[in-house]
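S.K.: The structure that follows is given in the form of structure tokens.
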Amino acid sequence: MEVLVDTCGTEYYWALADTTVSQSGTYYHYSTNANTCTDTTALMITLHQSVTTELSAQICEGGTYNQNGFNVSEAGDHQLNLQTINGCDSIVVLHLTMDNEIVSNIAVGICEGEDYVANGFEIIAPEAGVSEYRDTIRRLGTCDSIVVLTLTVNQPTTGDTSAVACGS
């Protein structure tokens, strides 16, 4: 007699032979029947083991990882449970880390009437006072850099001066 088993797991208990099988293959059990003849039973077993896949990824703060069946926006370990073609467990573990954008702050003072052309900015004839400008620098494969410029435009001082001269 033949017994065909196709199952998931790392072990299979074969009750007829009172044994545990831990590898795919063919196993035989011999017994004596009531007529004192030998009965042979063959166990043909295929064991399919669970599959675990680990992924590592990094996203920028405020971003979302939406690949490989995941849709997550928090750092940490995330697990997705699937099934293999044989119906066994397939586990995908995502180790997700969060990176921050790089912010650089620049403070500059100029005089009214001057232009500011530096650090990626081109500000022509800004008005007097304090203004803030932002520039986002896209960096491939990592988070963006943001440059924040605080520009102070000073007014020239003007006024009347009186002078008194004595003598010549």
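S.K.: Among 158, 142, 97, 152, which is the only one that is open to solvent by less than 80 Å² (accessible area, probe 1.4 Å) and over 17 Å from residue 59 (Cβ atoms)? If you could, list the steps in order and put the result at the bottom.
M.R.: On the way: 158 fails: open to solvent by less than 80 Å² (accessible area, probe 1.4 Å); 142 fails: over 17 Å from residue 59 (Cβ atoms); 97 fails: over 17 Å from residue 59 (Cβ atoms).
Residue meeting the stated conditions: 152.
S.K.: To continue, here is another question. Filter segment 1-23 for residues that are open to solvent by 60 Å² or more (accessible area, probe 1.4 Å), touching a residue at least 12 places away in the same chain (Cβ under 8 Å) and not in a strand (DSSP E or B) and give the result. Show your work before the answer.
M.R.: Going through segment 1-23, the residues open to solvent by 60 Å² or more (accessible area, probe 1.4 Å) turn out to be 1-2, 4, 6, 10-13, 15-16, 18, 20, 22-23.
Those still in the list that are touching a residue at least 12 places away in the same chain (Cβ under 8 Å) too: 1-2, 4, 6, 10-12, 16, 22-23.
Within segment 1-23, 1, 10, 11, 16, 22, 23 meet the criteria.
S.K.: In segment 60-81, which residue that is open to solvent by less than 60 Å² (accessible area, probe 1.4 Å) and not in a loop (DSSP other than H, G, I, E, B) is nearest to residue 141 (Cα to Cα)?
M.R.: Looking at residues that are open to solvent by less than 60 Å² (accessible area, probe 1.4 Å) and not in a loop (DSSP other than H, G, I, E, B), I get 60.
S.K.: Among 34, 57, which is open to solvent by 90 Å² or more (accessible area, probe 1.4 Å), aliphatic (A, V, I, L, M) and without any contact (Cβ under 8 Å) to a residue 60 or more places away in the chain?
M.R.: Working: 57 fails: open to solvent by 90 Å² or more (accessible area, probe 1.4 Å).
Result: 34 is the single residue among 34, 57 that is open to solvent by 90 Å² or more (accessible area, probe 1.4 Å), aliphatic (A, V, I, L, M) and without any contact (Cβ under 8 Å) to a residue 60 or more places away in the chain.
S.K.: Please determine whether any residue of segment 101-111 is loosely packed, with under 15 Cβ neighbours inside 10 Å and not in a strand (DSSP E or B).
M.R.: Looking through segment 101-111, none of the residues is loosely packed, with under 15 Cβ neighbours inside 10 Å and not in a strand (DSSP E or B).
S.K.: Assuming residue 84 fulfils every condition listed in (1) closer than 30 Å to residue 11 by Cα; (2) surrounded by 14 or more Cβ atoms within 10 Å (Cβ to Cβ); (3) more than 16 Å from the chain's Cα centre (by Cα); (4) among the β-branched types (Val, Ile, Thr) apart from one, which condition is it?
M.R.: The number of the failed condition is (2).
S.K.: Under 6 Å by Cβ, and 6 or more places apart or on different chains, what pairs join a residue from segment 37-54 that is outside any strand (DSSP E or B) with one that is open to solvent by 60 Å² or more (accessible area, probe 1.4 Å) and polar (S, T, N, Q)?
M.R.: That search, which allows pairs on different chains as well, returns 49/10.
S.K.: May I pose another question? Which one is least open to solvent (accessible area, probe 1.4 Å) among residues in segment 37-54 that are within 17 Å of residue 91 (Cβ to Cβ) and of a type outside the set (S, T, N, Q)?
M.R.: Out of the qualifying residues, it is 48.
S.K.: Kindly indicate whether any position in segment 123-131 is in contact (Cβ under 8 Å) with a residue 40 or more places away in the chain and either over 30 Å from residue 58 (Cα atoms) or hydrophobic (A, V, I, L, M, F, W, C) (or both). I'd like the intermediate steps shown before the answer.
M.R.: Initial filter on segment 123-131 (in contact (Cβ under 8 Å) with a residue 40 or more places away in the chain): none.
The answer is no; no qualifying residue exists.
The values are calculated or read from the model by the stated rules, or taken from the named source; none is laboratory data. What you see is a predicted model, and the numbers here were worked out from it, not measured in a lab. Cβ sites come from the backbone with ideal geometry, for glycine too, and all protein chains shown count toward neighbours. For the accessible areas, the whole protein counts, side chains as well, though only heavy atoms, and no ligand, DNA or RNA atoms are used. Shrake-Rupley method; radii C 1.70, N 1.55, O 1.52, S 1.80 Å.
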